[in-house]
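Colleague: I am attaching a structure below and will ask some questions about it afterwards.
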There are 2 protein chains.
Amino acid sequence: MPVREDELKHLNGMLLQMAGLVETSIRESIKSLTERNSELARKVIEEDHKINTYDVRIDEECIRLLALKQPMGKDLRFITTAMKITTDLERIADNAVNISERALELNKEPLLKPYIDIPRMREIAQGMVRDAIDAFVNEDKRLAMDVIMRDDEVDDLNDIVLKELMFIMTQDPSTVYRAMKISYVSKYLERIADHATNIAEMVVYMVKGKIIRHMAPREIEI
Amino acid sequence: MPVREDELKHLNGMLLQMAGLVETSIRESIKSLTERNSELARKVIEEDHKINTYDVRIDEECIRLLALKQPMGKDLRFITTAMKITTDLERIADNAVNISERALELNKEPLLKPYIDIPRMREIAQGMVRDAIDAFVNEDKRLAMDVIMRDDEVDDLNDIVLKELMFIMTQDPSTVYRAMKISYVSKYLERIADHATNIAEMVVYMVKGKIIRHMAPREIEI
């Protein structure tokens, strides 16, 4: 039985709502760090359960559609991909929680230095998450490819941040504790971008019916 | 149409083979570090494509079973869980590749100190991966719960390693580069244990039909 248009719309709607919450968590976690707002950090941690609820609901809806509709072909791939995507979204939110936990620790210490590259990484990573989900619901493989290409920018910024932190620690050992915590934040953002890339790779696979997630970007023809 | 016994056996067989390769990658990645064997580190990196091949094959087999058999109930949950588990296994292998990359870098530098807690973390994390997959194929929720409980041990060891490294860096800034690289290795092992925990949570969910992945361990009744 084909999955009805309104059922797919409902599923997409839930995914978009979940992605919206995840985007907010990413933005607020970094804001809690850059603006030294521990109240906001606690809010991100406390509200993570809302995102977990979406994860469970989307999973259950996908199982329901698979059981009742027994979809084939395109619908089948769409639904199984949705089940995988929701796992990635949930783990992205976990990384935002981790960032908030580091913010709580760092906000108690004197500021090491103003954050410049971290907000830039946040902006790119968050945009990748939004576009990866948009690419999924619109089955837009060009947008998905664009997300995949942006991953290098985040990796490069992460390298820059880590090198700078290593330099600071070498110059002044009293900075080690803070510099290590900031390096984790950078790593969490890099991981968020990785999850967005994973989602985008699944979208390209779904649309093209070809698994690209183990190919180098230059091997992939759009 | 029910999925035949031999089809489930075939699927389980592929998962067990994939998990075996992943276990080897974890063990060899840490061995390449502790025994300063860069040849072995390169082997882990080069052979990762074999694990990726399993990821694709298992995914395709699951899609095939869903399309042809249109399974319901238990079989449906088993197959959709297998699709999610293969993603986690593939990412565990990525972490072993990351460890090997750090080993290649660290093996060029003088030894900072003998590795004591890292091999212990490797042993626990690798055991968690093996048991999580065994719990899945045998639908053994007690073993799955046992895996979930062990995650704290790895987290605690990771904290000990990081604290020790911070102390070393503070005492001697010339150690910063190496200490940072070792801290990543510790983080990668922690992440491997997290993936094993995620798999185990999915197994408990599948067996009990109850989502526990957002519950604290003490809330879960076996």
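The values are calculated or read from the model by the stated rules, or taken from the named source; none is laboratory data. This one's a predicted model, so the numbers in the text were calculated from it and none came from an experiment. Neighbour counts run over all protein chains shown; Cβ positions are idealised from the backbone, glycine included.
Colleague: Does A:PHE136 satisfy the condition of being within 30 Å of A:GLU5 (Cβ to Cβ) and part of a helix (DSSP H, G or I)?
Modeller: On the way: within 30 Å of A:GLU5 (Cβ to Cβ): yes; part of a helix (DSSP H, G or I): yes.
It is true that A:PHE136 is within 30 Å of A:GLU5 (Cβ to Cβ) and part of a helix (DSSP H, G or I).
Colleague: A:ILE63 versus (1) over 17 Å from B:ILE79 (Cα atoms); (2) within 14 Å of chain B (Cβ to nearest Cβ): which is the lone unmet condition?
Modeller: Status for A:ILE63: all satisfied but (1).
Colleague: Find the residue count for the stretch A:66-94, including only residues that are within 9 Å of chain B (Cβ to nearest Cβ), touching a Phe, Trp or Tyr at 6+ places or on another chain (Cβ under 9 Å) and not acidic (Asp, Glu).
Modeller: Qualifying residue count, the stretch A:66-94: 2.
Colleague: Looking at (1) surrounded by 17 or more Cβ atoms within 10 Å (Cβ to Cβ); (2) in contact (Cβ under 8 Å) with a residue 24 or more places away in the chain; (3) in a helix (DSSP H, G or I); (4) away from every other protein chain (no Cβ under 12 Å), which is the one condition that is false for A:TYR115?
Modeller: The single condition A:TYR115 does not satisfy is (3).
Colleague: Tally up the residues in the stretch B:9-52 that are in contact with a Pro (Cβ under 7 Å, 6 or more places away or on another chain) and crowded, with 24+ Cβ neighbours inside 10 Å, please.
Modeller: 1
Per-residue answers, yes or no, for (1) within 18 Å of A:TYR188 (Cα to Cα); (2) of a type outside the set (Gly, Ala, Ser):
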position	(1), (2)
A:LEU21	yes, yes
A:ILE26	yes, yes
A:SER32	yes, no
A:ARG42	yes, yes
A:VAL56	no, yes
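Colleague: Report yes if some residue within the stretch A:132-143 is farther than 20 Å from A:THR86 by Cα, more than 10 Å from chain B (Cβ to nearest Cβ) and at pLDDT 95 or above; otherwise report no.
Modeller: Initial filter on the stretch A:132-143 (farther than 20 Å from A:THR86 by Cα): A:142.
Okay, now just the ones that are also more than 10 Å from chain B (Cβ to nearest Cβ), so A:142.
If we keep only those that are at pLDDT 95 or above as well, we get A:142.
Yes: the stretch A:132-143 contains one or more residues that are farther than 20 Å from A:THR86 by Cα, more than 10 Å from chain B (Cβ to nearest Cβ) and at pLDDT 95 or above.
Colleague: Return the total of residues in the stretch A:38-60 being more than 9 Å from chain B (Cβ to nearest Cβ) and among the hydroxyl-bearing types (Ser, Thr, Tyr).
Modeller: Within the stretch A:38-60, residues that are more than 9 Å from chain B (Cβ to nearest Cβ) and among the hydroxyl-bearing types (Ser, Thr, Tyr) number 2.
Colleague: Right, next: Taking the stated definitions as given, is B:ASP88 within 10 Å of the chain's Cα centre (by Cα) and within 13 Å of B:ILE199 (Cα to Cα)? Show your work before the answer.
Modeller: Numbers: within 10 Å of the chain's Cα centre (by Cα): yes; within 13 Å of B:ILE199 (Cα to Cα): yes.
Taking the combined requirement at face value, the residue satisfies it.
Colleague: So B:ARG27 ticks every box in (1) over 24 Å from B:TYR205 (Cα atoms); (2) at pLDDT below 95; (3) among the basic types (Lys, Arg) but one. Which box is left unticked?
Modeller: (2)
Colleague: Right, here's the next one. Scan the stretch B:174-182 and give yes if some residue there is more than 21 Å from A:PHE167 (Cβ to Cβ), in a helix (DSSP H, G or I), of a type in the set (A, V, I, L, M) and under 19 Å from the mean Cα position of the chain (by Cα), otherwise no.
Modeller: Narrowing the stretch B:174-182 to residues more than 21 Å from A:PHE167 (Cβ to Cβ): none.
No, the stretch B:174-182 contains no residue that is more than 21 Å from A:PHE167 (Cβ to Cβ), in a helix (DSSP H, G or I), of a type in the set (A, V, I, L, M) and under 19 Å from the mean Cα position of the chain (by Cα).
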